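Below is one structure, written out as structure tokens, with a few remarks after it.
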Amino acid sequence: MQPVIAVEGLTKVYASGFEALRGVDLSIHKGEIFALLGPNGAGKTTLISIICGIVNPGDGRVLANGWDVVKDYRRARASIGLVPQELSVNMFETVWAAVKFSRGLFGKPANDAYLEKLLRDLSLYDKKDTKIMALSGGMKRRVLIAKALAHEPEILFLDEPTAGVDVELRRDMWTMIRALREQGVTIILTTHYIEEAEEMADRIGVIHQGEIILVDGKQNLMNQLGRKQLSVQLTAPLDALPERLTRYQLSLSDDGYQLVYHYDTQNQAAIAPLLRDLEALSLDYSDLHTNQSSLEDIFVSLVEERRA
Amino acid sequence: MNYYGVKAIYLFELARTWRTLLQSIASPVLTTALYFVVFGSAIGGHMGDIEGVSYGAFIVPGLIMLMVLTESTSNASFGIYMPKFSGTIYEILSAPISAFEIVLGYVGAAATKSLIIGLIILVTARLFVDFSIAHPLWMLGFLFLTALAFSLLGFIIGICADGFERLQIVPAMVVMPLAFLGGTFYSITMLPPLWQKLVLFNPVVYLVSGFRWSFYGTADVPVTISLAMISVFLVICLAIVCWIFKTGYRVRS
Ligand SMILES: Nc1ncnc2c1ncn2[C@@H]1O[C@H](COP(=O)(O)OP(=O)(O)OP(=O)(O)O)[C@@H](O)[C@H]1O
Ligand SMILES: [Mg+2]
């Protein structure tokens with residue numbers, strides 16, 4: 001099946017000389033939710049901006065629905081909606097004027113019934129005559145979503161939709177995104193959070209320093225990324241790892257006071273057996289803490305893996 | 001042709017005028033009224049007729065031109081600079097709309113607005129002095145071409161500006177002086193011979209002269225030359241706009 005978005009060998013060097021994309025290849029399937037995961041400055045916004053026509057591409061090409069985004073920009077862009085990362089919206093306009101403008105701009109005749117339904121779905125209808133500056137941050141973000149959907153796009157880009165959004169609104173956002181997928185809209189979103197990608201997406205692409213280093217189904221990726229470590233602070237030092245603990249992936253600190261245990265978050269029974277064994281060996285501990293390897297760590301290890 | 005897109009931009013820009021009605025329309029009208037009180041009545045009373053036209057009536061076309069020039073430039077530059085500044089331009093850039101259509105929307109709206117202002121000033125002026133218009137259609141034609149050309153200029157300024165100060169600098173340092181020195185308040189035949197030659201490098205001279213001809217049938221330079229000059233100016237602005245969009249200069253990174 002033809003991908004809805006096909007990116008082939010795309011590069012981008014900004015006027016400053018900065019190489020933001022280094023040969024990106026990516027295919028997005030019709031009807032999926034695709035999460036683009038990457039740390040700050042990875043090139044997520046740059047990639048999306050090129051597909052949507054906001055930034056000029058370097059080498060390579062991008063097809064949307066089979067149309068070249070440069071040569072056939074009218075047909076390519078007509079099917080794309082974009083919710084930008086920044087809250088860029090005209091503050092002096094009313095919500096209604098804003099969505100009406102967006103629909104017209106994308107070349108669609110007025111359809112007030114559709115816009116009304118859209119605003120109702122986003123719980124914005126009772127604010128339709130309010131000026132945007134009088135809305136809360138979360139509502140402004142929903143206005144941006146409404147603007148992006150005003151021309152009934154088949155493909156929706158969401159650049160960090162949940163940045164600066166509280167837990168409840170984040171849940172709402174996810175529900176809304178799933179509902180859109182039900183209607184057949186293909187969704188591409190960017191995020192810094194593994195959990196978010198995990199919760200939302202069908203497939204995840206990891207981008208780092210302008211390169212896509214991994215594209216995979218969610219499950220495979222989680223197995224690779226979902227690692228944590230548990231540190232155990234012992235009350236008395238150990239000279240060496242006891243026999244009974246060697247079956248765990250453990251490392252002992254030089255002073256013998258700290259045990260570090262690497263485990264997989266997908267494995268439900270990872271911690272309890274270790275703690276029982278510590279109990280059985282009468283090893284007392286004063287403190288326990290867990291931490292997740294940072295996204296940056298994971299990316300670096302993925303990059304190293306790939307180079308190796 | 002994305003007709004709905006052009007319409008959306010055009011109406012949005014005009015809506016901005018309505019939102020700021022007072023400063024958009026009332027302030028140029030007030031300024032003009034002040035000019036009439038000072039130049040027309042106070043000073044004009046001591047001046048003789050120029051080329052058979054009373055001084056008060058003589059300055060009407062120049063004043064209208066002055067306002068249309070400055071309003072077109074500042075409106076169009078502000079109209080495109082704001083979305084660039086606030087980031088809302090992302091939507092325009094991501095829309096299935098061509099560069100020409102974008103210009104049509106923004107420049108069309110700015111030109112419409114200054115045309116309306118020009119006509120309001122014309123009516124206001126009639127309250128102060130008595131005058132007639134010899135060639136009404138030509139008058140409208142000159143007004144339209146001028147509004148269009150300077151709205152294009154404003155659009156270019158708005159795209160190139162990278163700060164609010166820059167936005168003001170060309171209108172204040174170039175357009176305003178040229179307009180003042182362009183025969184707005186005097187006939188260039190009143191100048192010393194050397195200056196009469198020098199002012200011919202000022203494009204505004206041709207606009208004012210042609211426009212005044214459409215009122216009173218007298219002109220500083222032949223009306224065909226006026227028309228040619230304004231067309232040349234229009235074409236130059238159009239070419240710059242085309243170049244900007246072709247290269248993405250200051251629009252797409
Ligand atoms: N207009 C520009 N000129 C020069 N460099 C730029 C420009 N825009 C972005 N960059 C650089 O390109 C790199 C990628 O930026 P981009 O915005 O695509 O990252 P991102 O993955 O979206 O990051 P974030 O998660 O912070 O939003 C960054 O190092 C950034 O500094
Ligand atoms: Mg970004």
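The values are calculated or read from the model by the stated rules, or taken from the named source; none is laboratory data. Keep in mind that what you see is a predicted model, and the values were worked out from it rather than measured. Every residue, glycine among them, receives a Cβ derived from its backbone with ideal geometry; neighbour counts consider all protein chains shown. Surface accessibility is based on the protein's heavy atoms, side chains included, excluding ligands, DNA and RNA. Shrake-Rupley method; radii C 1.70, N 1.55, O 1.52, S 1.80 Å.
Only one of (1) within 14 Å of another protein chain (Cβ to nearest Cβ); (2) assigned to a helix (DSSP H, G or I); (3) not polar (S, T, N, Q) fails for B:V123. Which number is that?
It fails just one condition, (1).
Taking the condition crowded, with 20+ Cβ neighbours inside 10 Å and either under 25 Å from A:K218 (Cβ atoms) or touching a Gly at 6+ places or on another chain (Cβ under 7 Å) (or both), does A:I54 pass?
It is false that A:I54 is crowded, with 20+ Cβ neighbours inside 10 Å and either under 25 Å from A:K218 (Cβ atoms) or touching a Gly at 6+ places or on another chain (Cβ under 7 Å) (or both).
Suppose we keep only residues that are among the aliphatic types (A, V, I, L, M) and open to solvent by 10 Å² or more (accessible area, probe 1.4 Å) within segment B:189-206. Which one would you say is nearest to B:S54 (Cα to Cα)?
So the residue we want is B:M190.
Since A:A197 meets every condition but one in (1) modelled with pLDDT under 90; (2) open to solvent by 20 Å² or more (accessible area, probe 1.4 Å), which condition does it not meet?
Unmet condition: (2).
Identify, please: which residue in segment A:84-111 is within 16 Å of ligand 1 (Cβ to nearest atom) and facing chain B (nearest Cβ under 7 Å) and is, among those, surrounded by the most Cβ atoms within 10 Å (Cβ to Cβ)?
Ranking the candidates gives A:P84 first.
Could you list all residues from segment A:112-134 that are part of a loop (DSSP other than H, G, I, E, B) and either closer than 24 Å to A:A179 by Cα or within 11 Å of chain B (Cβ to nearest Cβ) (or both)? Before the answer, list the steps.
Start the filter on segment A:112-134 by keeping residues that are part of a loop (DSSP other than H, G, I, E, B), which leaves A:122-124, A:128-130.
Answer for segment A:112-134, where residues must be part of a loop (DSSP other than H, G, I, E, B) and either closer than 24 Å to A:A179 by Cα or within 11 Å of chain B (Cβ to nearest Cβ) (or both): A:L122, A:S123, A:L124, A:K128.
Out of B:A95, B:A110, report the one residue that is within 8 Å of chain A (Cβ to nearest Cβ) and crowded, with 24+ Cβ neighbours inside 10 Å.
Sole residue among the options that is within 8 Å of chain A (Cβ to nearest Cβ) and crowded, with 24+ Cβ neighbours inside 10 Å: B:A95.
Would you confirm whether any residue within segment A:151-161 is surrounded by 15 or more Cβ atoms within 10 Å (Cβ to Cβ) and more than 24 Å from A:I5 (Cα to Cα)?
Applying the first criterion (surrounded by 15 or more Cβ atoms within 10 Å (Cβ to Cβ)) to segment A:151-161 yields A:151-161.
So of that shortlist, the ones also more than 24 Å from A:I5 (Cα to Cα) come out as none.
Within segment A:151-161 (the criterion being surrounded by 15 or more Cβ atoms within 10 Å (Cβ to Cβ) and more than 24 Å from A:I5 (Cα to Cα)), the answer is no, since none of the residues qualifies.
The rows are residues; the columns are (1) within 16 Å of ligand 2 (Cβ to nearest atom); (2) farther than 23 Å from B:T247 by Cα.
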residue: A:D25; (1), (2): no, yes
residue: A:L37; (1), (2): yes, yes
residue: A:I51; (1), (2): yes, no
residue: A:R61; (1), (2): no, no
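Test B:F215 against the stated conditions and say whether it is of a type outside the set (V, I, T), assigned to a helix (DSSP H, G or I) and at pLDDT below 90.
So B:F215 does not fit the description; no.
List every residue pair whose Cβ atoms sit under 8 Å apart, with the two residues 6 or more apart in sequence or on different chains, where the first one lies in segment A:5-17 and is outside any strand (DSSP E or B) and the second, anywhere, is within 16 Å of ligand 2 (Cβ to nearest atom).
Pairs that qualify, where the first residue is outside any strand (DSSP E or B) and the partner is within 16 Å of ligand 2 (Cβ to nearest atom), are A:Y14/A:A20; A:Y14/B:S253; A:A15/B:S253.
Out of everything in segment A:11-23 that is away from ligand 2 (no atom under 16 Å from the Cβ) and not polar (S, T, N, Q), what residue ends up being nearest to the other protein chains (Cβ to nearest Cβ)?
A:A15
Scan segment B:6-35 for residues that are surrounded by fewer than 16 Cβ atoms within 10 Å (Cβ to Cβ) and aromatic (F, W, Y) and jot them down.
Hit for segment B:6-35 is B:W18, nothing else.
If A:V70 passes every condition in (1) open to solvent by less than 40 Å² (accessible area, probe 1.4 Å); (2) more than 8 Å from chain B (Cβ to nearest Cβ); (3) part of a loop (DSSP other than H, G, I, E, B); (4) of a type in the set (V, I, T) but one, which one does it miss?
Tallying (1) open to solvent by less than 40 Å² (accessible area, probe 1.4 Å); (2) more than 8 Å from chain B (Cβ to nearest Cβ); (3) part of a loop (DSSP other than H, G, I, E, B); (4) of a type in the set (V, I, T), A:V70 fails exactly one: (1).
Would you tally the residues in segment A:165-194 being surrounded by fewer than 22 Cβ atoms within 10 Å (Cβ to Cβ) and within 13 Å of ligand 2 (Cβ to nearest atom)?
Qualifying residue count, segment A:165-194: 1.
Answer yes or no: is there a residue in segment A:48-56 that is in contact with a strand residue (DSSP E or B) (Cβ under 7 Å, 6 or more places away or on another chain), hydroxyl-bearing (S, T, Y) and free of Cβ contacts under 8 Å to residues at least 40 places away in the same chain.
So far as segment A:48-56 goes, no, none of its residues is in contact with a strand residue (DSSP E or B) (Cβ under 7 Å, 6 or more places away or on another chain), hydroxyl-bearing (S, T, Y) and free of Cβ contacts under 8 Å to residues at least 40 places away in the same chain.
If a residue must be of a type in the set (S, T, N, Q), more than 8 Å from ligand 1 (Cβ to nearest atom) and within 14 Å of chain B (Cβ to nearest Cβ), how many such residues does segment A:24-65 contain?
Total meeting the criteria: 2.
Can A:T130 be described as open to solvent by 10 Å² or more (accessible area, probe 1.4 Å), hydroxyl-bearing (S, T, Y) and more than 16 Å from the chain's Cα centre (by Cα)? Walk me through it before giving the result.
On the way: open to solvent by 10 Å² or more (accessible area, probe 1.4 Å): yes; hydroxyl-bearing (S, T, Y): yes; more than 16 Å from the chain's Cα centre (by Cα): yes.
Answer is yes for this residue.
Here is a check on your reading of the model: is B:V37 within 14 Å of chain A (Cβ to nearest Cβ) and at pLDDT 80 or above? Walk me through how you get there before you give the answer.
Numbers: within 14 Å of chain A (Cβ to nearest Cβ): no; at pLDDT 80 or above: yes.
It is false that B:V37 is within 14 Å of chain A (Cβ to nearest Cβ) and at pLDDT 80 or above.
Only one of B:A239, B:A179, B:A228, B:A219 is of a type in the set (A, V, I, L, M) and under 16 Å from B:S74 (Cα atoms). Can you tell me which?
Result: B:A179 is the single residue among B:A239, B:A179, B:A228, B:A219 that is of a type in the set (A, V, I, L, M) and under 16 Å from B:S74 (Cα atoms).
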